[in-house]
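Report on the structure given below.
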Amino acid sequence: MFILMVLHASLYTAFFASEKRLVAIYSQSSGIGGIVAGFGFLSVVSSALVLRRIWYELFYVTHITSWVLAIVALGVHRPEIANKTLVVVLIAASMWFVDRVIRACRVLYYSTNNEARLYPLPDGSTKVVFKKVPSRTRPGKHCFIWIPAIRKFETHPFTIHGSSPVEFTVKARYGFTSDLHKYAAAHPGEAVTASIDGPYGTFPDPMEFDKIVLIAGGGGATFTFGIAVNVLERMHEDSPKDIVFIWSVRKHENLSWFREQLELLRTHVHSPKVSVSLYVTRAPSSTSDLPSGSESESTEQSGRSNTSSKDTESPPLSPAGSDPEKDAHRTAAPAARRPSSGAHGDSEREKEGAIETPAEHTGLAEKGSLKAAAAVAHTFFEHPVKLGRPDAASVIRDAVKTTPRDQRVLVAACGPDGLMRVVRDTTARLIVGDGPAVELHCEEFGW
């Protein structure tokens with residue numbers, strides 16, 4: 001639509017200039033309205049592509065203001081009812097207005113006798129636990145949360161990763177998330193007035209698949225933990241499903257963000273069907289820096305594999321000297337056998353990816369060798385934790401190639417652009433006619 005608008009404006013400008021009528025046309029109210037509408041839509045697109053990643057609050061205000069300005073100017077540009085343009089403009093404006101009213105009413109409704117408790121987490125994150133939420137909320141979806149103690153006139157979207165009660169984990173970056181963490185650190189566990197709007201977003205029903213591969217970098221685990229918890233809650237006793245769960249973080253203390261979920265993956269009745277592998281790209285300076293729940297294990301720098309049976313099942317690491325995901329650009333999701341549900345604008349996602357940071361530790365792979373990097377550094381709630389970054393491509397390939405052709409595989413990932421690019425490219429190459437049905441769903445940072 002935006003490209004068509006640019007072509008429309010360019011061609012008419014060239015035509016009127018050739019007829020020497022450009023000044024006369026653009027002096028009229030309809031011409032001025034067209035110019036204002038054009039720049040308004042340009043601001044809508046540019047703010048979404050650029051400003052959204054830099055400053056969410058400014059993006060939100062700019063985006064909404066520019067859209068309203070563009071719609072009004074478009075009505076001025078073509079005010080005649082006969083050519084139907086004004087009718088379309090009024091319909092679009094009415095739809096937007098009704099949507100805003102409905103959302104505002106929901107926020108007010110769920111603010112009645114509602115509260116949220118704020119808990120500071122290591123490395124600048126905050127856990128938000130709600131008392132009352134909409135009935136349709138479930139892990140993996142996202143909601144807009146309103147906490148007037150932090151921002152009176154703003155709602156911000158985050159992904160649900162716990163359902164009983166509903167929990168959000170928010171990585172502090174700037175603006176709202178930074179102020180939220182400061183407040184939680186100053187008032188840990190305090191209940192504040194809050195409300196919620198949602199849920200929003202959609203993704204493939206994991207219960208329709210035989211094998212589920214979940215890959216996350218940093219705070220992207222809010223999405224993958226949400227799906228994992230959702231599947232475990234819905235699995236019946238004889239369910240044949242297998243879950244492969246991979247999570248990479250920068251620092252060991254980041255593992256404590258989801259200690260309850262990791263404990264659930266270990267103790268749930270279906271935990272034998274869940275393979276969990278955790279990766280840390282920065283080694284702790286001492287064992288005292290390890291989060292509670294960790295147990296140190298001796299690593300073997302000689303290159304021999306660790307004797308833990310869980311370790312032998314863990315996916316390989318990328319060489320420490322190479323980073324195929326770093327500086328990668330976003331690419332479109334490949335077509336799958338069944339159309340994959342694209343990432344729903346899951347909003348702000350103010351989280352930090354671990355995949356893009358080089359490992360800052362010694363004794364790992366040298367000259368491309370993977371063996372030394374495969375040593376288990378310690379465990380966290382009995383889950384093996386490795387130093388380095390996971391080889392996401394190998395994880396996906398192994399999962400798909402070991403699945404019978406009459407079964408279905410869901411690959412779901414959330415993280416920085418580099419990780420998403422690797423997941424998309426690898427999954428696309430594994431969609432073949434004589435293999436299992438593969439569906440891809442990616443959630444990305446940026447909102």
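The values are calculated or read from the model by the stated rules, or taken from the named source; none is laboratory data. Keep in mind it's a predicted model, so treat the numbers as computed, not measured. Here the Cβ is made from the backbone with ideal geometry for all residues, glycine too, and neighbour counts use every protein chain on show.
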### Query
What is the one condition in (1) within 17 Å of ARG78 (Cβ to Cβ); (2) exposed (fewer than 14 other Cβ atoms within 10 Å of the Cβ); (3) in contact (Cβ under 8 Å) with a residue 12 or more places away in the chain that LEU11 does not satisfy?
(3)
### Query
Applying the selection to segment 385-441, what residues are among the basic types (Lys, Arg), under 20 Å from the mean Cα position of the chain (by Cα) and assigned to a loop (DSSP other than H, G, I, E, B)?
ARG389
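Right, SER66: touching a Ser or Thr at 6+ places or on another chain (Cβ under 9 Å) and under 23 Å from THR155 (Cα atoms) or not?
Details: touching a Ser or Thr at 6+ places or on another chain (Cβ under 9 Å): yes; under 23 Å from THR155 (Cα atoms): yes.
When the stated conditions are applied, SER66 passes them.
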### Message
Exactly one condition in (1) over 30 Å from GLU167 (Cα atoms); (2) assigned by TED's automatic domain parsing to the domain that holds PHE168 is false for LEU121; which is it?
### Response
(1)
### Query
Considering only strands (runs of 3 or more DSSP E) fully contained in segment 133-199, which possess at least 3 residues that are farther than 16 Å from LEU118 by Cβ and touching a Leu at 6+ places or on another chain (Cβ under 9 Å)?
none
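Have a look at ILE35, ILE81 and point out the one that is among the hydrophobic types (A, V, I, L, M, F, W, C), assigned by TED's automatic domain parsing to the domain that holds ALA24, surrounded by fewer than 19 Cβ atoms within 10 Å (Cβ to Cβ) and not in a helix (DSSP H, G or I). Step through it out loud before you land on a result.
On the way: ILE35 fails: not in a helix (DSSP H, G or I).
Exactly one residue qualifies, and that residue is ILE81.
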### Task
Go through segment 179-210 and count every residue that is out of contact with any helix residue (DSSP H, G or I) (no Cβ under 8 Å at 6 or more places or on another chain) and of a type in the set (S, T, N, Q).
2
### Query
Here are some conditions: (1) within 21 Å of MET1 (Cβ to Cβ); (2) over 42 Å from the mean Cα position of the chain (by Cα). LEU22 meets all but one. Which one does it not meet?
(1)
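Just give me the residues in segment 164-190 being under 27 Å from ASN230 (Cβ atoms), surrounded by fewer than 17 Cβ atoms within 10 Å (Cβ to Cβ) and in contact (Cβ under 8 Å) with a residue 40 or more places away in the chain, in sequence order.
Filtering segment 164-190 for residues under 27 Å from ASN230 (Cβ atoms) gives 164-173, 176-177, 180-181, 184, 189.
Next, only the ones that are surrounded by fewer than 17 Cβ atoms within 10 Å (Cβ to Cβ) stay: 164-165, 189.
Matches in segment 164-190: GLY189 only.
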#### Entry: The lone exception for THR137 - which of (1) farther than 24 Å from SER195 by Cβ; (2) in the same structural domain as THR169 (by TED's automatic domain parsing); (3) not basic (Lys, Arg) it fails
(1)
### Candidates PHE59, PHE16, PHE41 - the one that is of a type in the set (Phe, Trp, Tyr), surrounded by 15 or more Cβ atoms within 10 Å (Cβ to Cβ), more than 28 Å from the chain's Cα centre (by Cα) and not assigned by TED's automatic domain parsing to the domain that holds TYR174
PHE16
### Message
Cβ contacts < 7 Å: first residue of a type in the set (Phe, Trp, Tyr), restricted to segment 105-122; second residue in a loop (DSSP other than H, G, I, E, B), any location; separation 6+ or different chain. Result?
### Response
TYR110/LYS132; TYR110/PRO134; TYR119/PRO188; TYR119/GLY189
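How many of the residues in segment 55-83 are closer than 11 Å to GLY38 by Cα and touching a residue at least 40 places away in the same chain (Cβ under 8 Å)? Show your work before the answer.
At the first step, the residues of segment 55-83 found to be closer than 11 Å to GLY38 by Cα are 66-67, 69-71, 73-74, 77.
The next check asks that each one be touching a residue at least 40 places away in the same chain (Cβ under 8 Å); those that pass are 73-74, 77.
Residues meeting the conditions: 3.
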### Message
Considering only segment 93-102, I want to know if a residue exists there that is over 21 Å from PHE144 (Cα atoms) and either in a loop (DSSP other than H, G, I, E, B) or not aromatic (Phe, Trp, Tyr) (or both).
### Response
yes
### Task
List the number of the failed condition for SER66; all other conditions in (1) small (Gly, Ala, Ser); (2) assigned to a loop (DSSP other than H, G, I, E, B); (3) not assigned by TED's automatic domain parsing to the domain that holds ALA185 hold.
(2)
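So that you can scan it fast, the table gives a plain yes or no per residue for (1) surrounded by fewer than 24 Cβ atoms within 10 Å (Cβ to Cβ); (2) more than 22 Å from PHE225 (Cβ to Cβ):
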| residue | (1), (2) |
| --- | --- |
| ARG397 | yes, yes |
| ARG405 | yes, yes |
| ALA413 | no, no |
| PRO416 | no, no |
| ARG421 | yes, yes |
| ARG424 | yes, no |
| GLY433 | yes, yes |
| PRO436 | yes, yes |
